[in-house]
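Colleague: First, the structure itself, so that you have it in front of you.
The values are calculated or read from the model by the stated rules, or taken from the named source; none is laboratory data. Note that this is a predicted model, so its numbers are computed, not measured. As a convention, Cβ positions derive from the backbone with ideal geometry for all residues, glycine included, and neighbour counts pool all protein chains shown.
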Amino acid sequence: MDTLLHFKNIKKSFSGNVVLDGVDFKIQPGQIVALAGENGAGKSTLMNILFGMNVIAETGGYEGEIIFEGKSVKVQSPLDAMELGIGMVHQEFMLLPGFTVARNIKLNRENLIPSLISRITPKSYQMLDNPQIIKEAAGALGRLGMEINPEVTVDKLPVGHMQFVEIAREIDKSNLKLLVLDEPTAVLTESEAERFLKCIRKVADAGIAVIFISHRLDEVIQLADSVVILRDGQMVFDEKTENTDKHQIAELMVGRKLEAESLMNVNRSFEEDIILEIKHLRVNMPGERSRDVSLKVRRGEILGIGGLAGHGKTSISNGIFGMYPARGSVHYKGRPLSFGKIGEALNQGMAFVSEDRKGVGLLLNESIALNMVYTDMKVNRRFLKKYGFFSQFDKKSAREVVEQMIQELDIRCTGPDQIVGRLSGGNQQKVCMARALITKPELLFVSEPTRGIDIGAKQLLLNYLVKINKEQGITIVVTSSELNELRTICDRIAIIGSGVVQGILAPDAPNVDFALLMSGEKGGNT
Amino acid sequence: MSSEKTSKAGVFVKKLLINNAVTLLFFVICIAGIILADQPMSYIIGEISSRLFRNLILILALLVPVWAGMGMNFSIVLGAMAAQIGIIVSTNFSLSGIACLVVSFLVSIPLSLLFGNLTGRLFNQTKGQEMITGMILGFFAKGIYDLVFMFLCGPVIPVRNESLLLTNGIGLTTPINLDNATKSAINKIWMVSLDKAVYGVLFLILLFFAARMMGKMIKKQKISGRESSGLLASVLVLAVFYLLCRSSETFLFALRFTDVPIATGILIVIVCIYITFLSKTKLGSDIHAVGQSMPIAVSMGIPADKIRITAIMISTLLAALGQLIFIQDIGNFTTYTAHENVGTFSIAALLVGGASIKKANIGHAILGALLFHTMFIISPLAGKNLFDNAQLGEYFRVFVCYAVIAVALALHAWKSVLARRVEEGEEE
């Protein structure tokens, strides 16, 4: 069989940071290749290269070669990819809600008939040939084995059907040779997912190659002909599916073995003194919805919350601090917390370092000093000069505390008056942390503390979290996409998948257990 | 369970009321106004009909940008300016009658297309803020327009027709009057009394549906519900209209008393047909796609920026035609201010008809023109009868015009909040 696509030794780095390192595999026509890997393993970067997205060219291109149908190709834009016959079904739906299914399937490839006017004026005045559009759309849906009325508008369609419409749009392109599916089953129910997999099989049987990106390992095993696993930008596995199993894939995805001594908090024991109890929390945070989270946080521990992106782990702390509408119940020190109100959690003695540093965490145009004490001014009314009904920021009293924090956290700056927007990412994160600590919280939520900062600052921040936990007795809940980071500092790690707690593991639990929980396989113990 | 059902029905009624709040409000105001104004029916029907023919194209000009997701096009003011420039040019060459209007239109075509193109380019730089940009652009364009005609005409730009110039030879006089042959030249081509016109239109609609049914029967296709119900509806309306005319003397008299300009009507129909036709073409489909989601349209290879410019060009061109019809109907225009209210008044009328900044069709335009201009006619009269002060009604109609725009925009924002809440409720 001729090879359809060959990724030949692909390398890519973003400003010195290697994200793809020698990825090399082949796809035959009609073959389904599953592409697996943790978040940040390089899957989306590889797809961005295949589709010629702007980010790649803007950050200095890539090394290596893509060979498509025997010819070396340089894809400059998604349109180029489309012309080559490479189609993609995105994770978020790319459908126009007010258009019918048929019009969406044929969007910008409509069947046209000349009209009276179009004979003398531009082609854009040709009329749509609606019967033909409906017929061809129905044909494409039929080939997938789906019975969806092509004349219904998409906004009236059940969410589970939209994915099929997207696929129908791709296979309706007569030149389609390769179809990329990015976590296509994430929004589908089980029975829908099953139909979907059958549907993909049909597509492949028609001679179209499929790249299938999924975290559901069961699906990977069931559907794919071969499996490619990326880890930290390296291709660690490329095998036929029949030669492997779920556990091996899970093990390989997480990979790296952690040195036992790097785990700081194994086997610390705590009394059952519950400082925070979350019951059936449901947070409507776009892109990170949680459905039903129940968790207990013990006083004095460091609890990690992990899981894949999009499964709702970040929504928990955001829901408790009132950033997004939430339902359920939260008890803090035995008393119910009205978490719908912004500021309530702060007033009760909790603090939050948001994952959205620039949006929520910082006043970018203000000084370090003001940023650090701002929350405390609101919550504890410190650092204020009071004049009857009015009060004013008291720079002097703040100065001492701010300077101490700058020293303690090793913030590289010209002084407390420097504008926060000019600091590097790592130093900005330290300012966020300082701001939360100045309020003297008993319970600290930290979300993605090391996102986008350099390794030195990373280690310092993690060590600092452990230090304040041990010295000041602050209970800490850390949310992070980086599992190893959680394992380094946490006493327990809760894995969130599909909006619920899949299980809670000790930091020294085997890799496989973590990987299986993340991919939605129930297991593990508390 | 039952409470859930009632709450669902409640949401439905609430939605219905909110969706049509502005239209319903105006309906009530108009009915109350007509009763209070206490005018003969012939006067009211006559005034409404003449204003309908005068303004409708200007309102129709707003539709295409709404489809493209650009909101209400306040910059149709530029199209109005193009039409005025056209008239100034043809008056300068002392043209008269239909020729004057035709030349004016020919001059305004390239101008309005140019203005529309530039406006579209500007809008592409300010995506999401098209409405406020269009409004400010209108003020800015007025500055240039004033500069050209107030100071440059005469000293710099030669003017042949000296009656156009002010006595000191600098700047154009105001208002500019069309001569008797030009005034209402299009209207005068063919005037028919309103009762005959209504009969004619209804018969034409009936014929249209009948012909379509015949055509399908000959081709042995299935006759869809649309044709048969259309045919039935037009027969019914015809019958009701006939009975109304027979039973009410004053009604019949009012209709006979009112003459309508058929040629202008045909022009309006042509514009309506063009807009309907446009929405069925590839271009119209692209415009709708861009309006629904620019990122998705772009990812499918639709050149969104180009489509948006085209939409504004179409709108500006139609606005020029509309202003030309408006001016020929009135017979003169104030040189420096005639275009000022074109945007606001047309937009207010369209919103009154039930359109929103996301959705607008020909029906909204016609209903809006009827309601808005009814209010325009009767409010000074109602004010005079109520408070013995016509000034009050005058004040009221200007106030209401801006209030409508504000209320419609606020309602639009409120609606999206409500829709989101309903959606969240359903998710439970």
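Colleague: With at the interface with chain B (Cβ under 10 Å from one of its Cβ atoms), exposed (fewer than 15 other Cβ atoms within 10 Å of the Cβ) and without any contact (Cβ under 8 Å) to a residue 12 or more places away in the chain as the only criterion, which of A:131, A:122 stands out? Give the steps one after another, and end with the answer.
Modeller: Numbers: A:131 fails: at the interface with chain B (Cβ under 10 Å from one of its Cβ atoms).
On inspection, the qualifying residue turns out to be A:122.
Colleague: Which condition does residue A:136 not pass, out of (1) farther than 30 Å from residue A:67 by Cα; (2) part of a loop (DSSP other than H, G, I, E, B), if it passes all the others?
Modeller: Against the list (1) farther than 30 Å from residue A:67 by Cα; (2) part of a loop (DSSP other than H, G, I, E, B), residue A:136 comes up short only on (2).
Colleague: What number of residues within region A:99-114 satisfy the criterion of being within 9 Å of another protein chain (Cβ to nearest Cβ) and either without any contact (Cβ under 8 Å) to a residue 24 or more places away in the chain or in a loop (DSSP other than H, G, I, E, B) (or both)?
Modeller: 6
Colleague: Further, regarding this structure: Name the residue that is surrounded by the most Cβ atoms within 10 Å (Cβ to Cβ), counting only residues in region B:287-298 that are part of a helix (DSSP H, G or I) and at the interface with another protein chain (Cβ under 7 Å from one of its Cβ atoms). So that I can check it myself, show each step before the final result.
Modeller: Taking region B:287-298 first, the residues part of a helix (DSSP H, G or I) are B:287-292, B:294-298.
Checking the rest, the ones that are also at the interface with another protein chain (Cβ under 7 Å from one of its Cβ atoms) come to B:289, B:292, B:296.
Details: B:289: 27, B:292: 19, B:296: 21.
Across region B:287-298, the extreme among qualifying residues is B:289.
Colleague: If we keep just the residues of region A:172-196 that are closer than 22 Å to residue A:5 by Cα and surrounded by 21 or more Cβ atoms within 10 Å (Cβ to Cβ), which is modelled with the lowest pLDDT?
Modeller: Taking region A:172-196 as the starting set, the residues that turn out to be closer than 22 Å to residue A:5 by Cα are A:172-184.
So of that shortlist, the ones also surrounded by 21 or more Cβ atoms within 10 Å (Cβ to Cβ) come out as A:178-181, A:184.
Numbers: A:178: 93, A:179: 93, A:180: 93, A:181: 91, A:184: 80.
Looking at residues that are closer than 22 Å to residue A:5 by Cα and surrounded by 21 or more Cβ atoms within 10 Å (Cβ to Cβ), I get A:184.
Colleague: Okay, moving on. Kindly indicate which of B:234, B:247 is more than 26 Å from residue B:101 (Cβ to Cβ), surrounded by 13 or more Cβ atoms within 10 Å (Cβ to Cβ) and polar (S, T, N, Q). Before the answer, list the steps.
Modeller: Working: B:247 fails: surrounded by 13 or more Cβ atoms within 10 Å (Cβ to Cβ).
Matching residue, one of B:234, B:247: B:234.
Colleague: Now, a different point. Here is a list of conditions, (1) crowded, with 21+ Cβ neighbours inside 10 Å; (2) farther than 27 Å from residue A:103 by Cβ; (3) out of contact with any strand residue (DSSP E or B) (no Cβ under 8 Å at 6 or more places or on another chain), and residue A:141 meets all of them except one; can you say which number that is?
Modeller: Unmet for residue A:141, out of (1) crowded, with 21+ Cβ neighbours inside 10 Å; (2) farther than 27 Å from residue A:103 by Cβ; (3) out of contact with any strand residue (DSSP E or B) (no Cβ under 8 Å at 6 or more places or on another chain): (2).
Colleague: Quick one: which residue in B:106, B:63, B:122, B:111 is within 25 Å of residue B:164 (Cβ to Cβ), among the hydrophobic types (A, V, I, L, M, F, W, C) and touching a helix residue (DSSP H, G or I) at 6+ places or on another chain (Cβ under 7 Å)?
Modeller: Numbers: B:106 fails: touching a helix residue (DSSP H, G or I) at 6+ places or on another chain (Cβ under 7 Å); B:63 fails: within 25 Å of residue B:164 (Cβ to Cβ); B:122 fails: within 25 Å of residue B:164 (Cβ to Cβ).
Just a single option satisfies the conditions, and that option is B:111.
Colleague: Could you check region A:49-97 and list, in sequence order, the residues that are buried (at least 20 other Cβ atoms within 10 Å of the Cβ), part of a loop (DSSP other than H, G, I, E, B), over 22 Å from the mean Cα position of the chain (by Cα) and within 14 Å of chain B (Cβ to nearest Cβ)?
Modeller: Matches in region A:49-97: A:96 only.
Colleague: Grab the strands (runs of 3 or more DSSP E) fully contained in region A:266-366, keeping just those with 2 or more residues being small (Gly, Ala, Ser). Step through it out loud before you land on a result.
Modeller: Details: elements: A:274-283, A:290-298, A:302-306, A:326-332, A:350-353.
Qualifying strands (runs of 3 or more DSSP E): A:290-298, A:302-306, A:326-332.
Colleague: Inspect region B:299-306 for any residue being closer than 16 Å to residue B:71 by Cα, surrounded by 19 or more Cβ atoms within 10 Å (Cβ to Cβ), within 14 Å of chain A (Cβ to nearest Cβ) and over 14 Å from the mean Cα position of the chain (by Cα) and give the result as yes or no.
Modeller: Keep residues of region B:299-306 that are closer than 16 Å to residue B:71 by Cα, which gives B:304-305.
Then keep just the ones that are surrounded by 19 or more Cβ atoms within 10 Å (Cβ to Cβ); that gives B:304.
Checking which are within 14 Å of chain A (Cβ to nearest Cβ) leaves us with B:304.
Then keep just the ones that are over 14 Å from the mean Cα position of the chain (by Cα); that gives B:304.
Yes; the residues of region B:299-306 include at least one that is closer than 16 Å to residue B:71 by Cα, surrounded by 19 or more Cβ atoms within 10 Å (Cβ to Cβ), within 14 Å of chain A (Cβ to nearest Cβ) and over 14 Å from the mean Cα position of the chain (by Cα).
Colleague: For region B:156-184, enumerate the residues that are acidic (Asp, Glu) and under 22 Å from residue B:102 (Cβ atoms).
Modeller: Here is the first cut: in region B:156-184, the ones acidic (Asp, Glu) are B:162, B:179.
Selection gives B:179 alone.
Colleague: Still on this structure, I have one more. Name the pairs whose Cβ atoms lie under 7 Å apart, with the first residue in region A:325-347 and away from every other protein chain (no Cβ under 14 Å) and surrounded by 11 or more Cβ atoms within 10 Å (Cβ to Cβ), the second hydrophobic (A, V, I, L, M, F, W, C) and in a loop (DSSP other than H, G, I, E, B), and 6 or more positions between them or separate chains?
Modeller: If the second residue must be hydrophobic (A, V, I, L, M, F, W, C) and in a loop (DSSP other than H, G, I, E, B), the pairs left are A:330/A:337; A:330/A:339; A:331/A:337; A:344/A:337; A:345/A:321; A:345/A:337; A:345/A:339.
Colleague: Only residues that are at pLDDT 90 or above and under 24 Å from the mean Cα position of the chain (by Cα): list them for region A:437-488, please.
Modeller: A:444, A:445, A:446, A:447, A:465, A:476, A:477, A:478, A:479
Colleague: Also: Criterion first (part of a helix (DSSP H, G or I) and in contact (Cβ under 8 Å) with a residue 24 or more places away in the chain) does residue B:110 satisfy it?
Modeller: Working: part of a helix (DSSP H, G or I): yes; in contact (Cβ under 8 Å) with a residue 24 or more places away in the chain: no.
When the stated conditions are applied, residue B:110 does not pass them.
Colleague: Where in region B:314-428 are there helices (runs of 4 or more DSSP H), lying wholly inside it, with at least 1 residues that are within 14 Å of chain A (Cβ to nearest Cβ) and not hydroxyl-bearing (Ser, Thr, Tyr)? Steps first, please.
Modeller: Working: elements: B:342-352, B:362-387, B:390-427.
Answer list for region B:314-428: B:390-427.
Colleague: Follow-up question, since we're still on this one. Which residues, taken from region B:354-370, are buried (at least 23 other Cβ atoms within 10 Å of the Cβ), under 26 Å from residue B:44 (Cβ atoms) and either among the β-branched types (Val, Ile, Thr) or modelled with pLDDT of 90 or more (or both)?
Modeller: Of everything in region B:354-370, those that are buried (at least 23 other Cβ atoms within 10 Å of the Cβ), under 26 Å from residue B:44 (Cβ atoms) and either among the β-branched types (Val, Ile, Thr) or modelled with pLDDT of 90 or more (or both) turn out to be B:364, B:365, B:368, B:369.
Colleague: Let me ask another. Mind checking which strands (runs of 3 or more DSSP E) fall wholly inside region A:425-526 and carry at least 2 residues that are under 21 Å from residue A:364 (Cα atoms) and either of a type in the set (Val, Ile, Thr) or touching an Asp or Glu at 6+ places or on another chain (Cβ under 6 Å) (or both)? First the steps, then the outcome.
Modeller: Values: elements: A:443-447, A:475-479, A:492-497, A:500-505.
Ranges flagged: A:443-447.
Colleague: Every residue in region A:385-424 that is farther than 25 Å from residue A:359 by Cα and in a loop (DSSP other than H, G, I, E, B), please.
Modeller: A:388, A:389, A:394 - these are the residues of region A:385-424 that are farther than 25 Å from residue A:359 by Cα and in a loop (DSSP other than H, G, I, E, B).
Colleague: Another question, if that's okay. Give the residues of region B:22-54 that are more than 20 Å from the chain's Cα centre (by Cα) and small (Gly, Ala, Ser), sorted by residue number.
Modeller: B:32, B:33, B:37, B:42
Colleague: Let me ask something additional. The conditions are (1) within 14 Å of chain A (Cβ to nearest Cβ); (2) touching a residue at least 60 places away in the same chain (Cβ under 8 Å), and residue B:259 fails exactly one of them. Which is it?
Modeller: Answer for residue B:259: the failing condition is (1).
Colleague: Can you name the residue in region B:264-295 that is within 19 Å of residue B:71 (Cβ to Cβ) and of a type in the set (Val, Ile, Thr) and, of all such residues, is nearest to the chain's Cα centre (by Cα)? Please lay out each step first, then the result.
Modeller: Here is the first cut: in region B:264-295, the residues within 19 Å of residue B:71 (Cβ to Cβ) are B:275, B:278-279, B:284, B:286-295.
Adding the requirement that they be of a type in the set (Val, Ile, Thr) leaves B:275, B:287, B:290.
Working: B:275: 13, B:287: 20, B:290: 23 Å.
The residue in question is B:275.
Colleague: Then there's this: Under 9 Å by Cβ, and 6 or more places apart or on different chains, what pairs join a residue from region A:232-248 that is assigned by TED's automatic domain parsing to the domain that holds residue A:14 with one that is basic (Lys, Arg) and modelled with pLDDT of 85 or more?
Modeller: A:233/A:11; A:233/A:12; A:238/A:26
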